Amino acid sequence: MRSCFLYSQGLVPYQTAWKWQRSLVNERKENAALDDILILLEHPSVYTLGQGSDVGFLKFAPGEYELHRIERGGEVTYHCPGQLVGYPILNLQYYRKDLHWYLRQLEEVIIRVLAMYELEGIRIPGLTGVWVEGRKLAAIGIKVSRWITMHGFALNVCPDLSGFERIVPCGIADKPVGSLEQFVPGVTVEEVKERIAIAFAEVFEVTLHEHTFSSGQA
């Protein structure tokens, strides 16, 4: 089994985490033997546009809220406290060199976590993400360069969902966004982090080792 370092963080500014990811990817481009990484964290309120995404899905003027156009796939999304964000930095050469497989594996991680709460997470053909009873609980957007992954998934645990009203989330107008809290009152990000780590290790067949973040890494 491959080793994977787990960085369990609190609230991290988006640009700090973005810079950190790019640094980790560049290191692995130079040395493919480096271990994989899973970063779990939350972000202060921020909107991100995927590469080539349509600004028409914004319901506010650029500059009104923090907004970044980034290199992942997908349309506009929203991050905020109470949403658990996962950034796997994996070298897919050690897994499977197949982006569709990778996206389905990320969905499977979320589906297994939801099953721990006796909820059925479903996929919708032609779309990426995970839904429960018609509400989208998890969004996924990735970037892969030389088979090394960055960006990842965002699971709404217990966020203030009002920020999603300022966009057409992921460009999907006819399906509402939801949160785990709507189905599991009192659920916390910290407990879901633990369950995400368990499911991630199972799905990707890795051994997780908790690692400590230092300010020089971002």
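The values are calculated or read from the model by the stated rules, or taken from the named source; none is laboratory data. Just so it is clear, the model here is predicted, and its values are computed rather than measured. Positions of Cβ are backbone-derived with ideal geometry, glycine not excepted, and every protein chain shown enters the neighbour counts. The protein model used for the area step is the full one, side chains on, heavy atoms only, and it has no ligands, DNA or RNA in it. Shrake-Rupley method; radii C 1.70, N 1.55, O 1.52, S 1.80 Å.
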**Item:** Criterion (acidic (Asp, Glu) and without any contact (Cβ under 8 Å) to a residue 12 or more places away in the chain) met by exactly one of GLU107, GLU118
**Value:** GLU118
**Message:** Restricting to the stretch 13-40, count the residues that are free of Cβ contacts under 8 Å to residues at least 40 places away in the same chain and either crowded, with 17+ Cβ neighbours inside 10 Å or outside any loop (DSSP other than H, G, I, E, B) (or both).
**Reply:** 3
**Message:** I'm told ARG69 meets every condition in (1) out of contact with any Asp or Glu (no Cβ under 7 Å at 6 or more places or on another chain); (2) open to solvent by less than 10 Å² (accessible area, probe 1.4 Å); (3) more than 24 Å from ILE198 (Cα to Cα) except one. Can you identify the failing condition by its number?
**Reply:** (2)
**Request:** Output the number of the condition that GLY126 fails; it satisfies all remaining conditions of (1) open to solvent by 60 Å² or more (accessible area, probe 1.4 Å); (2) touching a strand residue (DSSP E or B) at 6+ places or on another chain (Cβ under 8 Å).
**Result:** (2)
**Request:** Being within 14 Å of LEU84 (Cα to Cα) and at pLDDT below 95 is the filter here, so list the residues in the stretch 1-39 that pass it.
**Result:** none
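For (1) open to solvent by less than 10 Å² (accessible area, probe 1.4 Å); (2) under 29 Å from ARG2 (Cα atoms); (3) small (Gly, Ala, Ser), each residue gets a yes or a no:
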| site | (1), (2), (3) |
| --- | --- |
| LEU114 | yes, yes, no |
| TRP131 | yes, no, no |
| ARG135 | no, no, no |
| ARG146 | no, yes, no |
| ALA154 | yes, yes, yes |
| GLU165 | no, no, no |
| PRO169 | no, no, no |
**Prompt:** Taking the stated definitions as given, is GLU194 without any contact (Cβ under 8 Å) to a residue 40 or more places away in the chain and touching a Leu at 6+ places or on another chain (Cβ under 9 Å)?
**Reply:** no
**Asked** When the stretch 98-112 is examined, which residues are found to be open to solvent by less than 50 Å² (accessible area, probe 1.4 Å) and closer than 18 Å to GLY50 by Cβ?
**Response** TYR102, LEU103, LEU106, GLU107
**Prompt:** Among the residues of the stretch 41-65, which ones are outside any loop (DSSP other than H, G, I, E, B) and over 16 Å from the mean Cα position of the chain (by Cα)?
**Reply:** VAL55, GLY56, PHE57, LEU58
**Asked** What strands (runs of 3 or more DSSP E) lie completely within the stretch 88-200 and have 2 or more residues being more than 14 Å from the chain's Cα centre (by Cα)?
**Response** 130-132, 135-145
